[in-house]
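Novice: Take a look at this one; I'll ask things after.
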Amino acid sequence: MDHAARLAAARAHFAARLAFETDVSDVHAALESGDPGFVLIDTRNREAWDQGHARGAIHLPKPDMPARIPAKFAAGTRFVVYCWGPGCNGATRAGLIISELGYEVQEMIGGFEYWAREGMPVDAVGADGVVVDATYPVDPLTAPRPVAGARIACDC
């Protein structure tokens, strides 16, 4: 492959990744805007959801998607999906299901693991069914340290 072809292939590769992937900082910022332009879906099972999930997400496990998405969401609805983290392909599988249903979808890279590690708001469901704040402190290995208690983004 010559230089020009390699550059074109690289541009296509990175453009495709940005079209179909997003990160936790961008998702959080979009949710905070009040009009994110997508529905955030946690694809994990009920036990994982109850243990902790991204605030603003809905719970929709993969087996339920083919029936529930067309029944609940209008054509043109955009989705962002996540699962446990980088070592899990559940969100990728969910993205395939949703795209096969005819909807636009992006995968939130890092999944719930990096959502929690970067100090984004986490909700959990207690034994009594009550939703509680379960936000974790920022992991300094994954995100910049907060300044005077304020969370700062990596500014990617």
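Novice: Just A67, A12, A124 to compare: in a GNM of the chain, with alpha carbon springs under 10 Å, which one fluctuates most?
Specialist: A12
Novice: Another question, then. How many percent of all Cα-Cα pairs in the chain sit more than 20 Å apart? Before the final figure, lay out each step's value.
Specialist: Details: 6446 of 12090 pairs.
That tail contains 53 percent of the Cα-Cα pairs.
Novice: Per the helix-only calculation at 222 nm, which mean residue ellipticity applies to the chain, given -39500 (n - 2.57) for every DSSP H run of n ≥ 4 and division by its residues, nearest 500 deg cm²/dmol? All intermediate terms of the calculation are to be shown ahead of the outcome.
Specialist: Values: 6 runs with 59 residues, N = 156.
Value at 222 nm, helices only: -11000 deg cm²/dmol.
Every read-out reported here was derived from the displayed coordinates using simple, explicitly stated rules and does not represent laboratory data. It should be emphasised that the depicted structure is a prediction, and the values quoted were computed from it without experimental measurement.
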